[in-house]
Structures are given as C-alpha cells and as structure tokens.
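So the structure is just underneath, and the comments pick up after that.
The values are calculated or read from the model by the stated rules, or taken from the named source; none is laboratory data. Just so it is clear, the structure is predicted and the values come from calculations on it, not from any experiment. Reconstructed Cβ throughout: ideal geometry from the backbone, glycine too, with neighbour counts over all protein chains shown. Side chains included, ligands, DNA and RNA excluded: accessible areas come from the protein's heavy atoms. Shrake-Rupley method; radii C 1.70, N 1.55, O 1.52, S 1.80 Å.
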Amino acid sequence: MKPLKASFTALLCLFLLMPLPPSFAQFPPPPATATIAFDFRQFAPYAPDFVSPWTTLGYEIGSFHTNYAGFERVLRDYAARSERLRVFERGRTEEHRTLYTLVISAPKNLARLEAIKADAARLADPRQLSDEAAEPLIQNLPIIVWLAYSIHGNESAAFEAMLEVLYTLVASQHPTITELLDQTVVVINPCQNPDGHERFVTWYNAVGMGRPEPFAIEHREPWSIYGRLNHYLFDLNRDLVIASQIESQSAMQAFLEWHPQVCADHHGQTVNYFFPPAALPINPNLDRGQSDKWLEIFGRGNAAAFDRHGWQYYVRDVFDLFYPGYWDSWSSLNGATGMTYETDGGGWKGLNWRRDDESILTLRDGIARHFTASLATLQTAATHRVERLRDYRAFFVRSIAEGRQGPLQCVVFPPEGDAGRRQRLVEALLHQGVEIQMAKAPFTLKAVHDYFGGVQPTREFPAGTLMVTFDQPRGRMARALLEPDTRQDQAFIERQLEKARRNTKRGPNAPKEETEFYDITAWSLPLALDVPAYWAGSRPTVQTTPVTSVVPPMPQPPPPAKTAYVFGYTSDAEAKLALRLLQEGYRLATAVRPLRAGERTYPRGSFILRTERNPETLHTRLPLLASECGVEVQSINSAYTDTGITGVGSEGVYTLRPPRIAVIAQEGVSQTSYGALWFMLSRDIGLEFTPITVETFLDLRLSEFNVLILPDGSPGAYRRAFGKEGIERLKLWCREGGTLICFGGAAAFAAHKDVDLTSARLVGEEGEKDEKDSQSPMPSDKPGAASDEAAGAPETGSTPARYREPGRKKTTARESQKTVEPTADAATSPDAGLGKEPLPLPGAIFRAVVNREHFLTFSHEQAELPVLLTQRFFRPSKTGTNVLTIENPKPLSGFVWEGNTERFVRQTAPVIEEQIGSGHVVLFADDPHYRGIWHAQRRLFLNGLIFGPTITFSTGLR
Ligand SMILES: [Zn+2]
C-alpha cells in the first residue's frame, strides 16, 4: 500500500464531486513525501550483494512505518551474509518478540571480539589493570559506541533511522565508513521497546493517510495504543532505577557486558532536533568536568553535521541529567558519554505534519536527522578514540577513589524487615553491576545514620548484614541509587525559587513562569522499598563474602494439619499467599486481634485456614503455594488456646470474602499508573482483575465486583465519565459493601465537593476553587499527559510547550495556564496568589505517621513509613480514618518549596479510609506503585483488597 498517493487521489476525487467550500483556498498543501533535500545514499558505493531495507520491504524510506517482522526480515538477510555484523538474541518481550543486540565492526575487529570485550571490561575495573598496562591496551582498542533506538515505541523515526544506519554500516564501501569501522565497535540496540513500537505502527499504518493537519485522527493515539510504553505500560526510559521490566534488564545486562564509552539514545519528537550538551541539573554523582567536556565535543560534532545542511536544532534547554533512570544519565553514571537525541519528524506527527508556520515536516525528515546524528556520533567517537578510552578508565579510577572519601562511604542492610523487599533491592543492585558483600561476623560502625534522619554514635550489626561500599567501579551508580538525598545544583535551585517568587506576585489568571524540574527529585531505593538501611562515613572492617545471586528463602512445607493452618502477617509474601488462596476459592480467615495458636502468638491480621471449612485439596495445594510465595505456614492440631483470648476458633476470627477486582482503564486514566498496578497484580502477586470502563461498571449488577480501583488520572475526566447519576450509583455500590480505591487524581475526584465520597478535601482546592484537569508534574507518568492532550480540543497549529515530548517536559505550576518567559521582576497584582496554595512538588519523600489501629496497616509494626508526594495534599478526613498523616513536614529526600510546602503539607493525610455503609473508600494521595519503584505503601494497598470486602464496623474494627 502506498498510503500517501492513494489518500491524496481519493481526497482529490472527493473534492471534485463536492461544491468548493469557502475556505478551499486555505486548504493545506497536499501531503509531501520529502521536504528537505537529503541523500540517504551519500556513502556510496554499497556492496552489490546487499539490498537496501526499502528494496526488501517494498516502499520508500519514510513513506510507511516498518513493523518488527519487516525489520527481522532485513536483519536475517544481512546477518546471513555480512562479515561486519554479529547478531545476539537476548530474550523475548512479554509479547514474545525477540530482543536483539547487533554488533557491527570491521571484520578484523569481529575476529577478536571476545578479546575486545575483555579489554574494555579491564578498563572499567582499574583494580585489574595498572596505569602502565592500560596505555598500550587503550592504543589498540576500538572505541565502543552504543546506539539505541525507539525506547518510546511511538517515536517512529528512530526505528526507521536504525534500519538506514544498519544498511549503511553493513553495506557501504565508502572510505568514511570502512575507516570508521576499523576504529569502532558499534553496538546497536535496534528497538528497545518492540511491543510498544508494534502497537503504534500497526495502528498508524491502518488509519494514517498522511494528513498533515494536527487535528487529524492519525495524530491522536487512542488510550489503548499509546506505543510510548511497553506491554505493561511502563515508560522504559524511567525504569533503569529499579529495572522491573524485561526490556530494561536485558539491555542493561548487554550494556554492562559491552562496556560502551558512548551511548546515544534516539527519541522523537521535539519541535526541532535536540542533542546535548544537556540542561541543568546534572546528577552530582557524575564527573561534571568530564561530562561537560565530552558532551561539548559530541554536541559540536553533531552541530557541524547539521550545519552542513542548514538544519535547525537546539542544545541544553530542557533535557537534563539528574534522575538516574534515563538511558542518558544511567549510561553516564556507568562511564559513557550518555546522550538523548530527539528528532522532529514522525511519531505522533505521522508521515506529515503541518507546523504553525504552515511548513510541512515529514517522517522522512525525522529519519534523515537521526541518521545524520548517528553517523556524526560514530565519526566523533572514532576521531577521539584514544582520549575517550583514556577518560573512560579515569572515570572508574576516580569512582573508586571517591568512594573512600566524604560523608557517605557505605550503606548496610541488616537482616530486618520484609525479607522479600530486601531481596528485591539486592536484585536491583545486582542488575546494576553493583558489588554487594555479606558480613561473615558481627561488626560495629561509628556515626551511623538511618534513612529517617536519626544518628547513632555506634551501632552493632549482625552477621548476615549486607553492605555496599562505594569504593568500587560502579560506586557512582550505587551512590546515585542509595544515597538518602541527591544534592541539587545550587544555581539551578536558586533559579527555580526566583521563578516561584515572581509567580506569587502574579494575578490568578496571569501567565506564570514554568519551573525547570523534569522529573522526580527523590528515588532513594531504601526509602522507596522501605528496606531498613543505614549509612556511614566509614567502611566496615569485617570479613565478607560477595553476594552474586538472590536465593529466595525456602520454608519447610507444613505437615498435614488437623484443625487449621496458620501464617503470620509481616511481609508482602504473606499478603501474596493470602490473595492467591482467596483467588483459588479457599476459605481464608483473619484474626483482627493478636492470635494464639500452636503455642505461638501471631500479630493482628494473621491468617487462618480452618480444615473443616475447606476442601481436602487444601492439604496438597497449600504447601505448594506457600513455597511459591516463600511463606512459613504452621499446622495447628487443636483449637484450644493455652493463653490469650483469640484462638483459631474465636469470635474475633472472620472468614474473608475473596476480592473480585475491577480496574478502570480508559481515556483520562494514566496509562503508567494503570500499568504499574497491572504489573504488580499480575506479575508480583499473580492476582486476576478485570479492566473495565466507567460506562460498563455503571451498567453492571452492583454485586459483580466488590473492589473497584481507579488509577491515577484526570479528576475532571473521572467526573465526566461518572456523571451525577454515576456518582450516586458508585456511592450505593460502596454502601452495599464495595471497596473503592483511588490513586492520585482519582482521589482528588473522590474528594471533590460535588462528589463527596470522603470528608477529606484537597488543600488549596476547598471552596470555590476547582481542580479542573490539572495534571501531575510528571506528565508521562500521570494522567496521560499524552492521552489528555490527545482528547483535548484540537489546535490549529503546534505550540512548542504543548508538543514537547510528553515524558520529559518541565513541571508547571498549573499545566493549564499559559507560561511566560522570566522577567527581571513581576509587578504585584492585587489579586496575587501570594502563596495561598501549595506549589506542586517534583516528587519528594516525607515521613508519614502510621495509624496502627486500622486494617489497612495490618502487618506494619513501624511507627512511620516513607511516602512519595507530588502535587496533592489532602486535609484529614473528619469522618473517616487518616491512615497515614504527615506530622513532620521536612522532607526525607527531594526538593520542596521553601516557605510553601512545609506550610501546606503539615497535618495532611496521604492515605485515608472512609467507611460508607458497609463499604470503603480508600484514597492514596499519590500512586502507591509509582513506576514500579515505589513499594513502601504496597501492603496498605493490598490490605484494601484482602480485608476491604469483609471488615466493617460490625467486625468491631475499623
Ligand atoms: Zn522518547
């Protein structure tokens, strides 16, 4: 199919039959196939036995979107015959697409590929290589360049450009290319997100006509397509902090195996092309001098290539290097020059896009620029090979030296708390290549800090304590993930505070200045996972063994029980076992008071399976499930209790109703919030749920589901979807015993005065003010910046701020407001806000006080939990239970607005439960599964599923 030609002909015929509309003269020009002159064959001659991808695929470059099978066809053809190409398979995506690593170099380099890999690994570990031995090695080693494409599957120009780069490197016999390959090993991650790519191209190829109008449907991906994200709707360019997704895990493993010195990650779309130098802030764990030097060199290399064509581009501006979960910052923290490249054409701009000056931008243009940047990067790398390799080694030399200095030299994890969470953290660090040691004997550390700000002069740790010291090659990466707080660039912070100060003087409807935070400012893994951890300015002196793998605990299976099986409740594993048993139809009960059974005492919320009420299969199924979940289960052979009031046969033991869970999934819901929930329930717990729309929910019998989850999303979209009658029906469903769980924007919906599912209200939103469709500061993660934009009113032309890449746009005080450029000072408006409402946070971590009388806090023995807050603070409920409250407004980690945040966050409630009839409304101020990184509120959420459908006033416990 040739969509461009066909569509235009069809359109033309249509117009010939119709009377001319008055605006005919302004009708946009016909779709173009090319608007910039660009010769993709500039590196001729090409080896005649290799045909271009476009010959194989049967269409011209940029005239159609290539699907994954098409790429694989081209790849197989090249792999079979090329002496320059090696193809490695490294696993499959959730949708069974193969993930590849392509290695391209001169045949003489490929012949000694293993030796090259080994030498690069020695450069990255100076403990294995002396300074004298390093220099001859560097002189002989090719530079290793990592080129990655289409991590956001809907940024389609990157994928097409990859095919063109592949062909050029495999087939060109031009001396520029052959000389380049003598000096370089090119490692290509051809498609970082095949599942998202495929969703997008299948959809676009089906509906796209090449219409350039920004309001044409082909520029508006439906909610369920959104190819930016992977199968589980994770943004893979945020995932590297925890690496929960298979695509991240396998790519990181390959990266750590190949040791690249340069990493270029090809995205789209910005208004004009972007390449580094990057914007502030830069992660302080990076070597600033080296980063600046090399970003400048590569930036100038690209600039020279672009200037030859007279192309537009920009540097710095918005793309920073602070959050370590991006490929540019992550690869930089691993010693490479990590760069994000953003092209302008393709993706949601489709085959053709009309800019606001009426000029046309094409997919082909976007491909041409990415192709040019890829090749320029390789040439810059080859030119600076020796110096770049030398600096690569220096990065690791300094990383080890820095690890022996400063106030933070080690983090230790004693065997306390949830063993599963600790295991998850160890797994995450091992994926990063971080070295972990286990103490063989008890040891003492001086001046020990916990992650809640406490300091002890000395503290003893038992044998079995895990530790990470930073005097190791991956010390900088380890520190970036484990430090309690990441220092911000002071000049950058001052600039943001100035903007905020000027904004407070402006009237409520006056345009505001945008702040420049791109992303969350807090992610410290011990806090996110709520793993007990301590840090110190010295390193332990104790014998250790390296930890190289994660061995899940293997509890003894319980022998057949006469009366009951019992398991305590202190960890995620037990919540998982409880939910799996309920799902399989076993009658599981809980004790709402501490339980005494088999001469042991169990905490409140512990679980009981009474044999007389369960089928015979329990005796065989339970040991299997318990071992899968890693839970120790006791067999009880008598209901008699020696002491205490609650035994397995007591009145205070309630049989739990299995949760039948529905989750709202539709326009207006944040895909990433839905996705993180989906991944957690399906993959971590193994629990079934049904995704539905609001409309469907309102049509169903009230008893169809007893748990309804509203992921983070636009509060206004939720209100519109439910409508007045729907909200009444929702309340009726709650009164009849339904448990409604709302995250972020959905919680704001529930707390809206016209919805009134809780007496809690948003701070700053009471009274006349109304939270319209304001979005979170992290747009791609939250109510789908993209989906809300897609659903919004069409605009006649593009406006840069609106069409920046959704995932990495700056935080704005109010997304809906227009922005202004900074001025020296603003005149004070008589109606100025003057800090009357809280400013949204770019993600900071606070300590919350745990209300331990509530069923949502079953399994929690600690008095405080870390909680991530962004833009919504809830005043406590007057009628319900404030399950978590903020009493200390000082953040544990991350940026807050001085003079604003502390004032508004104090005495707010990040988790609230409201009893309605015999049901519940549970509010989480923010997504409790944020990016799959955040685990600290996981069991509060799971308790809603386990206990919500059963526990009410009548059980004597709220
Ligand atoms: Zn992107």
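Which FRET efficiency, nearest 0.05, do Arg501 and Ala639 yield, Cβ-Cβ r, R0 56 Å? Let's see the in-between values first.
Numbers: r = 67 Å, r/R0 = 1.20.
Given R0 = 56 Å and the Cβ-Cβ separation, E is 0.25.
Annotation: for a label point projected 7 angstrom from Cα along Cα→Cβ of Asp131, residues of the range 370-408 with backbone N closer than 17 Å are 390-402.
Let me know the Kirkwood hydrodynamic radius for the chain, please, with Cα pairs as the basis and the value in Å to one decimal.
Working: mean 1/r = 0.0337 Å⁻¹.
Its Kirkwood hydrodynamic radius stands at 29.7 Å.
Here's the picture: a label point sits 7 Å out from the Cα of Glu725 along the beta-carbon direction, and within the range 696-714 the residues with their amide nitrogen under 12 Å of it are 698-699.
Residues of the range 564-655: accessible area per residue at 1.4 Å, in Å²?
On the way: 3870 Å² over 92 residues.
About 42 Å² of surface per residue is accessible.
Other residues lying with their Cβ under 11 Å from the Cβ of Tyr602 contribute a combined charge of +3, Lys and Arg counting +1, Asp and Glu -1.
Of the peptides 743-750, 394-401, the ranking by mean beta-carbon count within 10 Å, highest at the top, reads 743-750, 394-401. Remark: relative contact order (the chain) = 11 percent; criterion is Cα-Cα distance under 8 angstrom and separation of 6 or more residues. Residues of the range 35-51 falling in the label zone of Gln173, defined by backbone nitrogen less than 19 Å from a point 7 Å along Cα to beta-carbon, are 41-51. Compared with the alpha-carbon gap, the fully stretched path from Arg660 to Gln907 is longer by 85.5 nm at 0.36 nm per residue.
Once the Cβ-Cβ distance of Glu296 and Glu898 is raised to the sixth power relative to R0 = 41 Å, the FRET efficiency obtained is 0.80. Model label sites at Thr56 and Ala206, defined 7 Å from Cα along the beta-carbon direction, differ in position by 2.6 nm.
Using only the Cα atoms of the range 704-745, each taken as one equal point scatterer with no solvent, compute I(q) by the Debye sum, divide by I(0), and report log10 of the ratio at q = 0.15, 0.24, 0.29, 0.33 Å⁻¹. So the normalised log intensities are -0.36, -0.88, -1.10, -1.15. The equivalent ellipsoid of the range 224-319 has semi-axes of 26, 19, 13 Å, largest first, where each one is the square root of 5 times an eigenvalue of the Cα gyration tensor. Restricting the calculation to Cα atoms, the range 314-406 yields a radius of gyration followed by a Dmax of 18.1, 58 Å.
Suppose all protein chains stay in the model; what accessible area per residue would a 1.4 Å probe give for the range 46-400, in Å²?
Numbers: 10010 Å² over 355 residues.
For the range 46-400, the per-residue accessible area is 28 Å².
Were the residues from Glu704 through Met554 laid out at 0.36 nm apart, the gain over their Cα-Cα distance would be 50.2 nm. Shown for the range 46-400: the carbon plus sulfur share of the solvent-accessible area, taken with all protein chains present and a 1.4 angstrom probe, equals 50%.
Packing, as the average of other Cβ atoms within 10 Å across residues, places the peptides 600-610, 692-702, 206-216 in the order 600-610, 206-216, 692-702, highest first. Placing pseudo-labels 7 Å out from each Cα toward the beta carbon at Ala80 and Ala441 gives an inter-label distance of 6.4 nm. Averaging the Cα positions of each part gives two centres, and for the range 399-438 and the range 224-251 these lie 24 Å apart. Within the accessible area of the range 564-655, the carbon and sulfur atoms contribute 47%, probe 1.4 Å, all protein chains present.
Taking label positions 7 Å along the Cα-Cβ direction at both Asp49 and Phe88, the computed distance is 2.6 nm, reported to one decimal. Computed over Cα pairs, the Kirkwood radius of the range 46-400 leads via Stokes-Einstein (0.692 mPa s, 37 °C) to a diffusion coefficient of 161 µm² per second. Of the residues Ile246, Phe743, Met438, the one whose Cα sits farthest towards the positive end of the charge dipole of the chain is Met438 (charges of +1 on Lys and Arg Cβ, -1 on Asp and Glu Cβ, taken about the Cα centre).
Applying 1/(1 + (r/R0)^6) with R0 = 25 Å to the Cβ-Cβ distance of Leu113 and Arg398 gives a FRET efficiency near 0.30. Exceedance of the 19 Å cut-off in Cα-Cα distance is limited, within the set Lys724/Lys753; Lys446/Lys890; Lys731/Lys753, to Lys446/Lys890.
Straight-line reach from Lys108: taking Cα to Cα under 18 Å and skipping same-chain neighbours fewer than 8 places apart, the aspartates and glutamates in range are Glu83, Asp119, Glu179, Asp182. The charge dipole of the range 833-958, taken about the Cα centre with unit charges on the Cβ atoms of Lys, Arg (+1) and Asp, Glu (-1), comes to about 80 debye, rounded to the nearest 20.
From the Kirkwood radius over Cα pairs of the range 564-655, Stokes-Einstein at 37 °C and 0.692 mPa s returns a whole-number translational diffusion coefficient of 254 µm²/s.
Please report the net charge: other residues with Cβ closer than 12 Å to the Cβ of Asn283, K and R +1, D and E -1.
On the way: positive: Arg288, Arg476, Arg479, Arg487; negative: Asp287, Asp320, Asp328, Glu483, Asp489, Asp519.
It works out to a net charge of -2.
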